[in-house]
Structures are given as C-alpha cells and as structure tokens.
C-alpha cells in the first residue's frame, strides 16, 4: 500500500491517489522516507491537481515539515513551481514565515536555485523576508551572486542595497563570490551600485580583485581596474599583491594581461611578508613561461633578495635539478640573474630595498637614526651576510645538540651493559665455589685466598657500582641547556672510562685465576693480554691526540676573540657582525661557540 501511494504521488495520478485514500482515510497522513508527506512530494514535482486535492482533504498539511524542517512551500520554491506556491499561499498564508533547519526562508532556497519567477512573486508582497536574514552572515544576495543569477541580484539590490556590503563567515562579500566565479554582469551591477565595494577585504585581506586573480578571471580584472585602478595597490594580510596571487596560482594569462594593460609596474618588485617578489614565487613554482615573461620586463629587479637573503636564482638552484629548474636557470642568468653571494655590497637590489623602506616609513626626516643606519647599502649587505651566517650557525647548533643527545643515550646503554657483565661475573666468580661445613646452602669461593682473585673482586665491584652510578645520574638529571648537558656528559664519560678500565682489569685477574700454573700457559696468557692491552692503549692514545688538538683549537678560538675585543674595545659592531668580520678574513664559517667552531672541520667533538 505504501509503495502504491508513493508511486501515485510521484506520477501525480490523482485518481489512483483518491482510490487509495477511499480504502484507508488515514493513509493521507502517511510520511515517507525523510518524513516527507504526500503534499511535500506533490509540491516538489509540481503536481498542481494532486496538491489541490490534498489541501482540500487536509489543509493543515501545508504547515507539515519533514526532517529538514521544510514545508511543502520550501520544495515548491526550490523547484520553481509558481502555481503550487500560489495554492499553498491561499490555503494558509502563515506558511511563508516558516524557516528550515538551517534557518533558510523560502526566498533563500529560491535564490539558491536561481528561481527568478519565484523571487519576483515573493519580493513585491513579502519584502520582509529579507529582514529574516539581518542576523545571518550568508544572505540571499551571496548565493544569487555566487550562482550567477543576475536578475535575482537586481531584485534583491533594489529592495536591500545594503546587502552588497554584507560579509559571510569568511569575510566575503557578494562581489567576492561574483568575481571568483567569473560572473561579469553581476560584477558590473554591484560596482554600479557602489564602486567602493572593490576595496572590501575578507578575513585574509583579499579583495574581489584578488579573488578574480586567483581564478584567472581576466574580464573581471579588466572591469575592476577600469573602475578603480587604485584597488590594485591593496595587499593581503600576508603582504601579497594581485600579481603575487596570480603568479602563486599559475594564472599566466592574468599576469600577462595585468602587466601589459595597466600601469602597475610599481607592483613588480613589491615583496610580500616573506620578502618574496613575484619572480621568487615564479621560480619556486618552476613556472617556466611565467619566469620568461617576467624577466623581459624592464623595471623588474631580477636580483631582489627575500627575507632569507635569497635571490630568484638562489631559490631555483636550491630546489633541485628538475626539468623546470634546468630551463629556468639559463633564463635567469641570461637576464643578469645572480646568486646572493655574487652580489656586491652596493647593488641595484640594495637601492631597491631602500626605496621600499622609503615608501613605507615616510620622509627621511621622520626616520630614527637606527633605521637610517640599517637602510644604508653597506649595512644591508651585512644584514644579508648575517642571515646566511645565522642559518648556518643554527644548523650547527641543531647538529651539536642532536649529537649530545645521541651521546647521552650511548653512554647510558654502555653503562647498563657494563653493570650486567660485572653483575654476572660477581655471581659466578672465576674458580667457582664449594660447599662449606656449615651446610649445603652456604658456599665459599674456591680460590678466595689468591691475590689475583682479590684483585678481580675489587675491580669487578668498582666497575659495577660506578656504571650503576652513571645510569642513575643520566636517568635522574635531565638538562635542558646545551652547556649543562655538555658538563654532565663530560663527567659521566670520564666515569665510564673508569668503569671500562676496572672491568678490563677484572677480566685480566679472572683469566689469571683460571689459567693453569704451567710456565708455557702463563706466558701465552701474558702475550695475549699484552696484544689486547696494546690495542686498547693505541685507541686511548689516538683519542688523547684528538682531544689535545680539539683543546688547542679552543684555545686559538678564545685568543682570537680576545684579540678582536682588544683591537676594537669601543666598537659599536654587534657580536654577529664581529663574527662576520672574522668570517670574511678566514673564508670559513665562524661560530659563537668554541666547541662547535673547533669541531667544524672534522665534524666530530671529543669529550
């Protein structure tokens, strides 16, 4: 029965529906999946005759809602069935007040689907429907502009022009949607309403012009810039211009059109928040055609530096040897592109950076002294070198700290192994034990009176308890500063050497105890122990030589630091600048830490 009723409603078969209702009058109240009533289905598919018969039998069904809290009027407005809408209005005018689960009115759902005839029917007599959206972020104008429904946009703007300035949860206005989707006529309509709409920014600082650039809508870009060329100077919260966004999203035609049509040459070298120009972004994205187009512009500074001190050539060379990079490198070099380390102290790039600082800070008379000093070409060169040096020194520190952590773990593991071996040797001593007269459970060392055994016992116990002490210290003390960790590891490392030495001595004594007293056997043991001991001693001597060299390098580093301080006691150079001065003289990186500096060449650091 339910299936027959559902099929009759879908077909709009009035006679079949009435026959089923005669058999069971309660069937008209039946709801289908998602709690849709028979009137919901009739309204959705526009069956006017069936809807007429239903409201005759049950007029209160006009206000019935499904699981989405939608009335039959919502269904009719969404699908654009004007005659069914008029029938529902006549039956119960209160239905127009109903909102669905998402607080959407019947007007809103009609705008979503672009049902202009429905909007034309509703607005003249129910303009108050727009008032229901005063507390909403997304309005009917937003969805109409996004969907490209020009006539609906005109009707809404006629009734509520202030909706053009409303922003949704992301800060986007209706013009943002129209520009992003490429709806030119709607863009024109909104700009005619108020040209200042093109300056509205969303939560990320993007204007409608930025939205069009991201999608490559050339016709929209032309319309907005023809209305207000100054809107091209607005930047996002990340400092990105319209050119930045077009390049980042690989909109080649949009970039070319902007540069060829409009006078926006001042944007070519403007950096974003990270100091990247559009050429940096194009090279980072391996956009070969874009790079070729940009380097042909006369006003482009091809050697501009970003905040990391990289030129466009640095960026593409650092990104690997992909096919895109192999094509871009010759293009940049042919246009005069250089790496940052090839730039002279006073270069056109520095002059460009000064000009940007001039624009943002105002006239020179208003600059503080420190600002003027930082903006000079020489100091800009030092700042670039400091950035390179700082990055290298930070990497050195990270590697050094990682090495200290690994050394801590290694010492802990070795100490545990020493404790395990010495414990096992103490429980099962050389020579074994024999049962005493006091009872079968009381054992005595079989060779306890021998001198070699006594040496074994002493050395074994020292090795055991010193290694346990190392483990306890390393587990209990967690240093969070590099120098503290260095001091801790140096101390525990020395104790570990003591443990290893005593464990080796215990082994020699144990071997001496268990070796038979024959003269030949004793000499063989002495020879073997001498060879083993000689190998260990050679390793020890080698480590001592390495440690001495490391210590001498530290002394040299400290003497050099003291010499620089004596040479310029009143110098205003910062510590980093002093190191850079040494770096330029030595031709190598120079660290602010003697341990790191003295270990730079070998890449190792002995404790």
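The values are calculated or read from the model by the stated rules, or taken from the named source; none is laboratory data. Note that the coordinates shown come from a computational prediction; the quantities given were computed from them, not determined experimentally. Cβ: placed from backbone, ideal geometry, glycine included. Neighbour counts: every protein chain shown.
Residues in segment 20-29 that are surrounded by fewer than 16 Cβ atoms within 10 Å (Cβ to Cβ) and either in contact with a helix residue (DSSP H, G or I) (Cβ under 7 Å, 6 or more places away or on another chain) or not assigned by TED's automatic domain parsing to the domain that holds residue 71 (or both): how many?
0
Any idea which of 63, 88 is touching a helix residue (DSSP H, G or I) at 6+ places or on another chain (Cβ under 9 Å), within 20 Å of residue 29 (Cα to Cα), surrounded by 24 or more Cβ atoms within 10 Å (Cβ to Cβ) and in contact (Cβ under 8 Å) with a residue 24 or more places away in the chain?
Matching residue, one of 63, 88: 88.
Counting only residues that are surrounded by fewer than 21 Cβ atoms within 10 Å (Cβ to Cβ) and modelled with pLDDT of 90 or more, how many does segment 236-268 have?
So the answer is 11.
Could you check segment 369-477 for helices (runs of 4 or more DSSP H) lying wholly inside it with 3 or more residues that are at pLDDT below 65?
Correct list: 369-375, 377-427.
Could you list all residues from segment 302-340 that are farther than 12 Å from residue 276 by Cα, outside any helix (DSSP H, G or I) and at pLDDT 85 or above?
Hits for segment 302-340 are 335, 336, 337, 338, 339.
Looking at segment 152-173, is at least one residue touching a helix residue (DSSP H, G or I) at 6+ places or on another chain (Cβ under 9 Å), surrounded by fewer than 23 Cβ atoms within 10 Å (Cβ to Cβ) and within 26 Å of residue 260 (Cβ to Cβ)?
Checked segment 152-173: no residue is touching a helix residue (DSSP H, G or I) at 6+ places or on another chain (Cβ under 9 Å), surrounded by fewer than 23 Cβ atoms within 10 Å (Cβ to Cβ) and within 26 Å of residue 260 (Cβ to Cβ).
Out of the residues in segment 125-148 meeting the condition of being touching a helix residue (DSSP H, G or I) at 6+ places or on another chain (Cβ under 7 Å) and assigned to a loop (DSSP other than H, G, I, E, B), tell me which one is modelled with the lowest pLDDT.
126
Hey, does segment 71-79 have a residue that's crowded, with 18+ Cβ neighbours inside 10 Å and part of a loop (DSSP other than H, G, I, E, B)?
yes
Given the criteria more than 50 Å from the chain's Cα centre (by Cα) and modelled with pLDDT of 90 or more, does residue 73 qualify?
Criteria not met by residue 73.
Just give me the residues in segment 551-581 being within 40 Å of the chain's Cα centre (by Cα) and modelled with pLDDT under 75, in sequence order.
557, 561, 572, 573, 574, 575, 576, 577, 578, 579, 580, 581 - these are the residues of segment 551-581 that are within 40 Å of the chain's Cα centre (by Cα) and modelled with pLDDT under 75.
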